[in-house]
Amino acid sequence: MIVPSDAARFTQMVDSAQDILISMHLNPDGDAIGSALAVFHYLNDIGKSCEIICSHPTPMNLKFLPVSEKIRQEPERAGHDLAIVLDLDSLERLGRTRPMIQECPQMILIDHHVPKEEPGDLRFVYPEEPAAASIVFE
């Protein structure tokens, strides 16, 4: 499903990033939060500095997910050089975190919705997939 050249570019963008900001849509659901947490775990496992932001806090029914407490409404630091945005069909759905994401020099978008716009320097958009998490898994 994922084009090998896109996978290679993803690896190159992540490898060259020093500090990565992960985000998702307003009023996050299980797909958005689960996908963001999976990316967070992956980045931590390869030694990358990263944090997760969302305009809204984690819903109570999803707080059981490991490290869900790491999701904040604002980043703890500035100067991120890469954003990875999950489950998002339009930048306006980032809410108040939009300027923080747009400050990043590069952005990767991972989504299963047909986008209303095409943000990002690298996009993994597969509308045939049932969830963003299935793309992250791939």
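The values are calculated or read from the model by the stated rules, or taken from the named source; none is laboratory data. As the structure is a prediction and not an experimental result, all values here were calculated from the model. All Cβ positions, glycine included, derive from the backbone under ideal geometry; neighbour counts span all protein chains shown. Surface accessibility is based on the protein's heavy atoms, side chains included, excluding ligands, DNA and RNA. Shrake-Rupley method; radii C 1.70, N 1.55, O 1.52, S 1.80 Å.
At a glance:
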{"item": "Criterion (open to solvent by 40 Å² or more (accessible area, probe 1.4 Å) and small (G, A, S)) met by exactly one of S134, S49, S90", "result": "S49"}
{"item": "Pick from region 103-131, criterion hydrophobic (A, V, I, L, M, F, W, C) and closer than 14 Å to A32 by Cβ, ranking: surrounded by the fewest Cβ atoms within 10 Å (Cβ to Cβ)", "result": "A131"}
{"item": "Residue ID - farthest from E69 (Cα to Cα), chosen from residues in region 1-46 that are touching a His at 6+ places or on another chain (Cβ under 7 Å) and surrounded by fewer than 20 Cβ atoms within 10 Å (Cβ to Cβ)", "result": "D19"}
{"item": "Pairs, first free of Cβ contacts under 8 Å to residues at least 24 places away in the same chain in region 39-62, second open to solvent by 10 Å² or more (accessible area, probe 1.4 Å) and assigned to a loop (DSSP other than H, G, I, E, B), C-beta under 8 Å, six or more apart", "result": "P57/Q73"}
{"item": "Residues located in region 93-102, provided they are open to solvent by 10 Å² or more (accessible area, probe 1.4 Å) and in contact (Cβ under 8 Å) with a residue 24 or more places away in the chain", "result": "R93, G95, R96, M100"}
{"item": "Within region 67-89, considering residues that are at pLDDT below 95 and within 13 Å of the chain's Cα centre (by Cα), the one farthest from L43 (Cα to Cα)", "result": "D89"}
{"item": "Check on H112, under 17 Å from D29 (Cα atoms) and touching an Asp or Glu at 6+ places or on another chain (Cβ under 7 Å)", "result": "yes"}
{"item": "Number of positions in region 97-133 that are among the β-branched types (V, I, T) and outside any strand (DSSP E or B)", "result": "3"}
{"item": "Single residue of R9, R77 found to be farther than 21 Å from G120 by Cβ and touching a residue at least 40 places away in the same chain (Cβ under 8 Å)", "result": "R77"}
